[in-house]
Amino acid sequence: MAKEVLKTKPEIVFADVTDERTVELSWKEVKEATGYNIERYDREKDKFVKIGAVDAKVTSFTCKREDRDGVYQYRINALKAVEGKLRPLSKKGAARAVNISSVPAVNITKIESPSFGKVRITWENDKNAAGYVINRRLEEMNESVVRGETKAGELSFTDNTATSGQVYYYNVQSYIPDMSAAPGGSSSLLPQARIYSNTGKEECFVCVDSTEILRVRRGLFKKVSFEYRMTAGVSCYILYKSSTKDGEFREVARTKNGTTLTLESKGESGERAAYYKIGCCKTVNGREWFGKKTESVLVNYKL
């Protein structure tokens, strides 16, 4: 029999744990498939085993209740009728990890940027934890990836890979050793025997870069315009003003988008000069994130 040559992999796009500790899976349809096998990794057998099957019109499956805490791996294998029999495709979908836990979630208490490109996450202490895993998800992705780990008692982590305008979602999980796991396992899918806590609320963070004032044009009647460098991923630019260099700067103008590279202002009655700064802003779900303002520029008005 010729080996199946279809190359499309069934990709799991949703995997979640219900309150009853069952796992709900859904995946992208493979048009050529006539059915799907649902497989789960068996740690004792060190391989994936079939736990269910559905026909081609179904792209979701609810797995049975899992009473034991742990990380479970699932994958989907598309099938096609070949010579009258359902045969697995040559390419199987990637495994998707699902954490099932009775350990309470760990919550992030603070998230900040000590400097551009860095995000520092701080969380509450779990006195029973052997360590913590910091997960990060991009806005356009469905699944988080591990960004780092800390030991017990280490309650903060700095992610040094943030880029301007990108929306990140962070969560933290504590873990304890899984004492029921067989030692010396050969699996590469589960290299460490751990029981992870439930996932706490995701906290959003947007790293916003700064801009640079390139040119200041003074016009008659105290009018002034600013040109500045474009910054990737921002929603708008904001012009700030103060009567003194070290005083409080207030917003006096902003652009309608992140592509307009000119801001204008006008001196008030009695003013002969003022200090200006420009900052970048990114809006996500109605919340504004601000970048570092430029150095102040003194403008002496043309009267």
Of every hundred units of 1.4 Å-probe accessible area on the chain, the number belonging to carbon and sulfur atoms, as a percent, is 47
Using the beta-carbon distance between residue 300 and residue 259 and R0 = 30 Å, what value does 1/(1 + (r/R0)^6) give for FRET efficiency, to the nearest 0.05? 0.50
Mean 1/r over all different Cα pairs, inverted: what Kirkwood radius does segment 107-173 give, in Å? 12.4
Spread of Cα-to-Cα distances over 5 Å intervals beginning at zero, given as percent, for segment 17-74: 4, 17, 27, 23, 16, 9, 4, 0
To the nearest 20 Debye, how big is the dipole of segment 1-149 about its Cα centre, given +1 on the beta carbon of each Lys and Arg and -1 on that of each Asp and Glu? 620
Gyration tensor (Cα) of segment 1-126, equivalent ellipsoid semi-axes in angstrom: 36, 19, 13
Reach of residue 266 by Cα under 19 Å, taken over lysines that are not fewer than 8 positions away in the same chain: 222, 223, 241, 245, 256, 277, 302
Between residue 290 and residue 62, the FRET efficiency computed from the C-beta separation at R0 = 41 Å comes out, to the nearest 0.05, as 0.40
Taking the inverse of the average 1/r across all pairs of different Cα atoms in segment 101-258, what Kirkwood radius in Å do you get? 19.1
Roughly what would the spin-label model give for residue 13 and residue 215, points 7 Å off Cα along C-beta, in nm? 4.8
Give the value in nm², to one decimal: projected area of the alpha carbon convex hull of the chain, averaged over all directions. 21.9
Please give the length that would be gained between residue 250 and residue 140 if that part of the chain were fully extended, namely 0.36 nm times their separation in residues minus their C-alpha to C-alpha distance (nm, one decimal). 36.2 nm
Under a straight-distance cross-link criterion of Cα-Cα below 14 Å, which aspartates and glutamates are reachable from residue 50, leaving out those fewer than 8 residues away in the same chain? 39, 42
Checking rank on 233-239, 213-219, with mean other Cβ inside 10 Å and highest first, the result is 233-239, 213-219
Computed label-point distance, nm, for sites residue 82 and residue 223 using a 7 Å Cα→Cβ extension: 7.4
Say each of residue 111 and residue 28 gets a label point 7 Å from the Cα, pointing the same way as Cα to Cβ; how far apart are those two points in nm? 2.7
Looking only at 209, 16, 246, which one moves most when the chain is put into a Gaussian network model with springs between Cα atoms under 10 Å? 246
Could you rank the peptides 36-48, 102-114 by their average count of other C-beta atoms within 10 Å per residue, with the highest value first? 36-48, 102-114
For residue 45, which lysines qualify as cross-link partners when the Cα separation must be under 23 Å and same-chain residues fewer than eight apart are set aside? 64, 91, 92
How much accessible area per residue does the chain have, counting only protein heavy atoms and a probe of 1.4 Å, in square angstrom? 57
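The values are calculated or read from the model by the stated rules, or taken from the named source; none is laboratory data. Being a predicted model, the structure only gives us computed values, none of them experimental. Note: ideal-geometry Cβ built from the backbone for every residue, glycine included; neighbour counts use all protein chains shown. What goes into the accessible areas is simple: the full protein's heavy atoms, side chains included, and nothing from ligands, DNA or RNA. Shrake-Rupley method; radii C 1.70, N 1.55, O 1.52, S 1.80 Å.
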